[in-house]
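Okay, structure first, notes after.
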Amino acid sequence: MYLSQDALDYVLSAKDELMDLERTLCAIPSPSHQEHRRAAFCKDWLEKAGAKGVYIDEVQNVIFPINAEGSSRLTLFAAHMDTVFPDTEPMPMREEDGILYCPGAGDDTGSVALVLMISKYLISRNIQPEDGFLMVCNTCEEVDQSGITHVVDTYQGRLKEAYMMDGLYNQVVNWPVAYQKYKVHIHAQGGHAYLNFGNPSAVVCAASMINEIYALPLPEGCKSSYNVGLISGGTTVNAIPQTVDMAVELRSEIEANLNTLRGQFREIVEKYRKQGTYEIQVEDDGSLPGKGDVDEARQGRINEKIRAHELEKSYLCITVGRPKQPEGKIEGFLLKNEAKKEVRFFHKPVPGGKTAVTLYRTLESRGGLSLVECRLLTGRTHQIRVSMAEIGCPLLGDGKYGKGDVNRRYHETRQALYSYKLRFDFPTDAGLLNYLKGQEFTVENVPFREKYFPEISS
């Protein structure tokens, strides 16, 4: 089975247009609840691309329905327009080595550009899915999820699945990070800072509560967090503050762990209420449920297949030089230096080092470069890059482990590495994944292969 060649050709041909679009979007400030300017631009851009029926709803979501009328099984594709930055004026933007740097560029302006470009592709090919699509640029993701919630409520019961594009481009997340938000109001006696020195202070209470929140032990089993993000109170420097308001957020991937944090937070609040010195009001400011109970047997089966290498993932790369052996196995130990963000290769075990095994096969060599196929028997950070460099054949364009003079000669600033093939072997039962048995997914048009080895086919 192959990915659509037409879709891949479109992706490659539209790169410059995509970058131009993201530059334009980044220049349009879009803080939460103030996305109207970016929304207007997106709607206008879609209409100029030929979109019919695109509209902006009551909460400023941009919605482009495709063959959605009358369909009871809609697929949602969405990216959020708002950024965490409150600025209402354009923010600094620069480019280095083909990478765009701007507050909010990755979260989530780049994904908004992707939604627009995907929409343009669907329009240009007059693709009318049997079950309709909703292409959405939504609002308020960073604060209260009200934008996407409104979409779900509007199309309630008709959404069969949803794909949310948000910041991370190298992984798929299939559950939300649960959160609980609180608004906390603290009232104390207060008074004049000199005449009433010693009276209860709302600031002192807030500071003590915050210290206790940040001393809470985090639940085990997944990443969890807490944060006091907003604090306001007091009136003047010579008055003991009577009131303080603060915003508290708790997060966890698992609902049970979030409940643990909720309980710990409530215990802190009750402790200070019982002192009788302070009036403390807590308002629920919104929540999102997390992952519930996991089918351990099903999850274990999937993990078993991965560990047994029944999912075979192959990479193409261009190396500088020809491997001495046309094919072989590179075995060693990789040690990551967190401070330098780099990995070293060792032939013998070292403290903190992790086993790394890479299979490689040279497909073609020409002009000092080689086209090499790699398979990973372990999954380590920078494994292919470091392993190929270890045998004297670093990746072309690799600025960390490669050869700078060669990279400059070929004007390559990114490593020539591409995950291009995925095969599902499954010699044993795979449960829900059995339908994939024997399937192979291949990307035929790998850019650097077309550039340096155009006659080599997969």
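The values are calculated or read from the model by the stated rules, or taken from the named source; none is laboratory data. In this text the structure is predicted, and so the values were computed from the model without any measurement. Heads up, the Cβs are rebuilt from the backbone with ideal geometry, glycines too, and the neighbour counts pull from every protein chain shown.
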Only residues that are in a strand (DSSP E or B), out of contact with any Gly (no Cβ under 9 Å at 6 or more places or on another chain), over 14 Å from R385 (Cβ atoms) and aromatic (F, W, Y): list them for region 399-444, please.
Y420, F441
Give region 237-272 a look and list any residue that's surrounded by 15 or more Cβ atoms within 10 Å (Cβ to Cβ), more than 29 Å from the chain's Cα centre (by Cα) and assigned to a loop (DSSP other than H, G, I, E, B), or say none.
P241, Q242
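Within region 21-63, work out how many residues are without any contact (Cβ under 8 Å) to a residue 60 or more places away in the chain, touching a helix residue (DSSP H, G or I) at 6+ places or on another chain (Cβ under 9 Å) and closer than 13 Å to A113 by Cα. Write out each step before concluding.
Keep residues of region 21-63 that are without any contact (Cβ under 8 Å) to a residue 60 or more places away in the chain, which gives 24, 31, 34, 36-37, 40-41, 43-44, 47-48, 52-56.
Those still in the list that are touching a helix residue (DSSP H, G or I) at 6+ places or on another chain (Cβ under 9 Å) too: 24, 41, 52, 54-56.
Applying the additional criterion that residues be closer than 13 Å to A113 by Cα yields 24, 41.
Residues meeting the conditions: 2.
Do the conditions hold for D131, that is, is it touching a residue at least 60 places away in the same chain (Cβ under 8 Å), surrounded by fewer than 19 Cβ atoms within 10 Å (Cβ to Cβ) and over 22 Å from the mean Cα position of the chain (by Cα)? So that I can check it myself, show each step before the final result.
Values: touching a residue at least 60 places away in the same chain (Cβ under 8 Å): yes; surrounded by fewer than 19 Cβ atoms within 10 Å (Cβ to Cβ): yes; over 22 Å from the mean Cα position of the chain (by Cα): yes.
When the stated conditions are applied, D131 passes them.
Given F77, F85, F41, which one is under 15 Å from I148 (Cβ atoms) and aromatic (F, W, Y)?
On the way: F85 fails: under 15 Å from I148 (Cβ atoms); F41 fails: under 15 Å from I148 (Cβ atoms).
Exactly one residue qualifies, and that residue is F77.
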Single residue of region 386-411 satisfying the filter (of a type in the set (D, E, K, R) and surrounded by fewer than 21 Cβ atoms within 10 Å (Cβ to Cβ)) that is nearest to the chain's Cα centre (by Cα):
K400
For the list (1) modelled with pLDDT under 95; (2) over 25 Å from the mean Cα position of the chain (by Cα); (3) of a type outside the set (D, E), I need the number of the one condition that T319 fails.
(1)
Apart from one, (1) surrounded by fewer than 15 Cβ atoms within 10 Å (Cβ to Cβ); (2) at pLDDT below 90; (3) not β-branched (V, I, T) all hold for S208; the odd one out is (2)
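If I filter region 1-29 down to residues being part of a loop (DSSP other than H, G, I, E, B) and out of contact with any strand residue (DSSP E or B) (no Cβ under 6 Å at 6 or more places or on another chain), which single residue comes out as nearest to E141 (Cα to Cα)? It would help to see each step written out before you state the result.
First pass over region 1-29, keeping only residues part of a loop (DSSP other than H, G, I, E, B): 1, 3-4, 14, 27-29.
Narrowing the set further to residues that are out of contact with any strand residue (DSSP E or B) (no Cβ under 6 Å at 6 or more places or on another chain) leaves 3-4, 14, 27-29.
Details: L3: 31, S4: 32, A14: 27, A27: 19, I28: 17, P29: 15 Å.
So, considering only residues that are part of a loop (DSSP other than H, G, I, E, B) and out of contact with any strand residue (DSSP E or B) (no Cβ under 6 Å at 6 or more places or on another chain), the one nearest to E141 (Cα to Cα) is P29.
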Within region 47-62, count every residue that is on the phi < 0 side of the Ramachandran plot and either assigned to a loop (DSSP other than H, G, I, E, B) or in contact with a Ser or Thr (Cβ under 6 Å, 6 or more places away or on another chain) (or both).
8
Looking only at residues that are within 23 Å of G397 (Cα to Cα) and acidic (D, E) in region 322-378, which one is modelled with the lowest pLDDT?
E338
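Within region 345-366, count every residue that is part of a strand (DSSP E or B) and more than 33 Å from the chain's Cα centre (by Cα).
If we filter region 345-366 for residues that are part of a strand (DSSP E or B), which is where we start, we get 345-346, 354-366.
Still in the running and more than 33 Å from the chain's Cα centre (by Cα): 362-366.
Result for region 345-366: 5.
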Log entry, pairs with first residue in region 408-426 being assigned by TED's automatic domain parsing to the domain that holds S387 and touching a residue at least 24 places away in the same chain (Cβ under 8 Å), second being assigned to a loop (DSSP other than H, G, I, E, B) and among the polar types (S, T, N, Q), beta carbons closer than 8 Å, six or more apart or on different chains, reads Y420/S458; K421/S458; R423/Q439; F424/Q439
Among the residues in region 63-73, are any assigned by TED's automatic domain parsing to the domain that holds R125, β-branched (V, I, T) and either touching a Lys or Arg at 6+ places or on another chain (Cβ under 8 Å) or assigned to a helix (DSSP H, G or I) (or both)?
no
